[in-house]
Amino acid sequence: MLNILRHITQEVNAASGLQDALEIIVRRVRDAMGTEVCSIYLRDPGEERFIFRATEGLNPEQVGIASLAAGEGLVGTVAEREEPLNLENAETHPNFRFFPDIGEESFHAFLGVPIIHQRDVLGVLVVQQAQRRRFDESEEAFLVTMSAQLAAVIAHARVTGAVLADARSASAPAKIGGVPGAPGIAIGTAVVVSPIADLYAVPQRMVDDRRAELSAFRHALYRVREDIEAVADNLGGELSREDHALFDVYLGILDDSSIGREVVSLIREGHWAQGALSQVMIEHIRHFERMEHSYLKERAVDVKDLGTRVLAYLQDSDKRETQFPEQTILVGEELTASSLGEIPRERLAGLISVRGSGNSHVAILARAMGVPTVMGAVDLPYTRLEGRDVVIDGYNGTVHLNPRPDVLAKFEEVLVSDRELNKDLEALRDQPCITLDGHRMPLWVNTGLMADVTRSLEQGAEGVGLYRTEVPFLLRERFPSEEEQRQIYRNQLQAFAPRPVTMRTLDIGGDKALPYFPIEEDNPFLGWRGIRVTLDHPEIFLAQVRAMLKANAGLGNLRIMLPMICSIPEVDEALELIHRSHREIIQEGIEAEMPLIGVMVEVPSAVYQARALAKRVDFLSVGSNDLTQYLLAVDRNNARVADLYHSMHPAVLQALRLVADAAHAEGKNVGICGELAGEPEGAVLLLAMGYDILSMNATSLPKVKKALRNVNLIEAKSLLEEVVTMDDAAEIHHRLESFLATHGMEKFIHNPVD
Ligand code: PEP
Ligand code: MG
């Protein structure tokens, strides 16, 4: 059974489009179950009807014509109830509806199962048989399993179908859901970044200069031939003549008379060389993979290897030529910080990443840079988007392809209003962050890159609440030496002096792996990360702390902060190491002050031990990104559960309150440096809870300042009292939005445009 399932899914995955996929499903399922009929009905999103889309056994002429509403007939009943219907004799069911032209009168047994993707009923999969009998349990289980497996493939194929429709046709708009990554609207042209030499991630692109593409392809082939011949020569002495002949067969695959010819003919039709190569190679790989004979199946690996080698050469020669349009929307399967570095900032309008979510580090970077971003757009057929007009709504996490003119006009309006708002906010740059009733709230920034420094100072930051020291570690090929670190930290401290700079000790693990220090674990967020790594490697920790202390000499604005603390002994151990470093440096004759030391509260155990922690250190700082992830058991990077990740969940709010009260009970300062601090709604609540410092990305700072300057502390406190009685994050969110709207901040609220 498992094999059959796997085979069908593979075949459907390889289908050329939605209709092809549906036809494969009905044919294969009918064969596998030995029934006489298998059909699929899919919901038409525009009309909310279930349309007869594919069949084996019923009248094919009714495909695309017959349809039912939810609740209508047996198919509509399955869709409405969202559960299987297994009937010995369909006609006797009260909801049975007779369709004269579909040709089902001779089939009595009926089994229908809903096709559901992420709670959305996409359609119904039905098998029918003439014999009056109930399908047995294992048949029902098979169809349910099949349908669950195929739902994602169908959802994906549906979007792909819409995207592949004529780009100029206004009738084919497509909206693909993702997760908000960085706020803002961007209207621009898609440029797809493909990971190095991945045949499956090559964007399809049409070009005018076919001759140049042909010559690039021929050149790449030539280089691959040379490489392989060199390998064959190197092995010369160890190979028999027959073995040697294998290399000739290998090279023959790319000959003009076989695969090579197909690539050339696609290039002649106007495809760019990379796209033509990937299309042809993927087709051949699939062909070999489907073969039963294991020797032939293995050839798929050879074809893939050759294709990848040619692609690598093509990418090499194209790299130098990528032209970025003026409003580039960078699209990729998994965008990384380094992919952002390749494009000039003034041309970068927006980002779309198929994987990851709003709390992935690339999204945090995008927010810091002020680039509207959508993450986790899992159904986006991103390789087909090259050169397409795209709108992204970073507020709501949606991507719009071929938007209707009225929708486009609305997005343009939002863009204009955002620009006006930004101008308004610029005027606040030198104003203090002070509430209407005179309460002062220090607004600090989170930094990592050197570019953050200028932006932060421009926005009027009063200090750095989180300097992510792992960023300079990530950008290198080995651990930076103590002296290299000292210089980096010195630059940061000097740039902000006399304002305080809070440096967090190395926080790697989780989703932050150093290329030269890989950590592979099944559950990285519950594994070796943050302080756990550095306490196990005191040599790394000591070098970092020494570098920080030395960099602070003569400036005195350093604060040190420890990430991922989950128990008291970790703090005691870290403090001991810090004191030891300090003593050593003094002995070396350097005048180093002892900085303030703080602990990050980002796991639930630290919330409950906040008082004991506060007793030991000078300040606490809440990392609400991780705290939310650990309190709600929702992976901050997983788009599938992104709608469960609420930093304003009642449990998170209670935890935030507990931490603030615990710190104050010990007479210590408490700040917050998670993304919640950078949301106007969050900032109002944190103000009410008594947080002493809000630290956020530089781009959010003016908005938060504006929000806090528009409220009274007293009012914020009563809002907090009201909100903590609410049981549901969505209700809390609504209440906060209406609060902002009645306090002159309606422009901060962005509802979906359509
Ligand atoms: C946090 O977890 O809230 C935090 C500020 O740290 P990071 O996002 O770097 O994990
Ligand atoms: Mg964290």
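The values are calculated or read from the model by the stated rules, or taken from the named source; none is laboratory data. Keep in mind that what you see is a predicted model, and the values were worked out from it rather than measured. Reconstructed Cβ throughout: ideal geometry from the backbone, glycine too, with neighbour counts over all protein chains shown. All accessible areas refer to the heavy atoms of the entire protein, side chains included, with ligands and DNA or RNA removed. Shrake-Rupley method; radii C 1.70, N 1.55, O 1.52, S 1.80 Å.
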*Please give every one of the lysines within straight-line cross-link reach of K703, meaning a C-alpha to C-alpha distance under 21 Å, and leave out same-chain neighbours fewer than 8 residues apart.*
K423, K717, K747
*Residue-averaged 222 nm ellipticity for the chain, from DSSP H runs of 4+ at -39500 (n - 2.57), nearest 500*: -14500 deg cm²/dmol
*Solvent exposure, largest accessible area first (probe 1.4 Å, DNA, RNA and ligands not counted), of F288, F541*: F288, F541
*In whole Hz, with x marking every Gly and Pro, tabulate ³J(HN,Hα) for segment 4-14 from phi via Karplus 6.51 cos²θ - 1.76 cosθ + 1.60, θ = phi - 60°.*
4, 4, 5, 4, 5, 4, 4, 5, 5, 4, 8
*Keeping the other protein chains in place, figure out the carbon and sulfur percent of the accessible area of the chain, with a 1.4 Å probe.*
50 percent
*Note down, for segment 505-632, the three equivalent ellipsoid semi-axes (square root of 5 times each alpha carbon gyration tensor eigenvalue), biggest first, whole angstrom.*
26, 18, 12
*How many Å³ per residue does the convex hull of the Cα positions in the chain occupy?*
201 Å³
*For R486, R478, R367, what's the largest-to-smallest order of accessible area, 1.4 Å probe?*
R478, R486, R367
*Using θ = phi - 60° and Karplus 6.51 cos²θ - 1.76 cosθ + 1.60, couplings along segment 266-272 (whole Hz; Gly, Pro as x)*: 5, 5, 5, 7, x, 6, 6
*Please name which of G589, H537, V113 has its Cα lying farthest along the dipole of the chain towards the positive end, using unit charges on Cβ (Lys, Arg +1; Asp, Glu -1) and the Cα centre as origin.*
G589
*In what sequence, highest mean first, do 265-273, 678-686, 347-355 appear when ranked by Cβ atoms within 10 angstrom?*
678-686, 347-355, 265-273
*K175 accessible area, nearest 10 Å², 1.4 Å probe?*
100 Å²
*Packing-wise, with mean Cβ within 10 Å as the measure, how do 139-149, 19-29 rank, highest first?*
19-29, 139-149
*Counting only the heavy atoms of the protein chains, how much of K717 is accessible to a 1.4 Å probe, in Å² to the nearest 10?*
100 Å²
_For the chain, take the longest principal axis of its alpha carbons; what is the angle in degrees between that and the long axis of helix 294-319, to the nearest 10 within 0 to 90?_
50 degrees
_For the chain, what does the accessible surface come to per residue with a 1.4 Å probe? Please give it in Å²._
44 Å²
*Going from most exposed to least, what order do I488, I329 have by accessible area with a 1.4 Å probe?*
I488, I329
*Once phi is turned into θ = phi - 60°, what whole-Hz ³J(HN,Hα) does the Karplus curve with 6.51, -1.76 and 1.60 give for every residue of segment 708-719, x standing for Gly and Pro?*
6, 6, 9, 10, 9, 4, 4, 5, 4, 5, 6, 4
_Amide H of Y395 versus every other amide H placed in the peptide plane: which residues, excluding those fewer than 5 positions away on the same chain, fall under 5 Å?_
G184
_Packing-based order for 554-562, 97-105, using average beta carbon neighbours within 10 Å, highest first_ = 554-562, 97-105
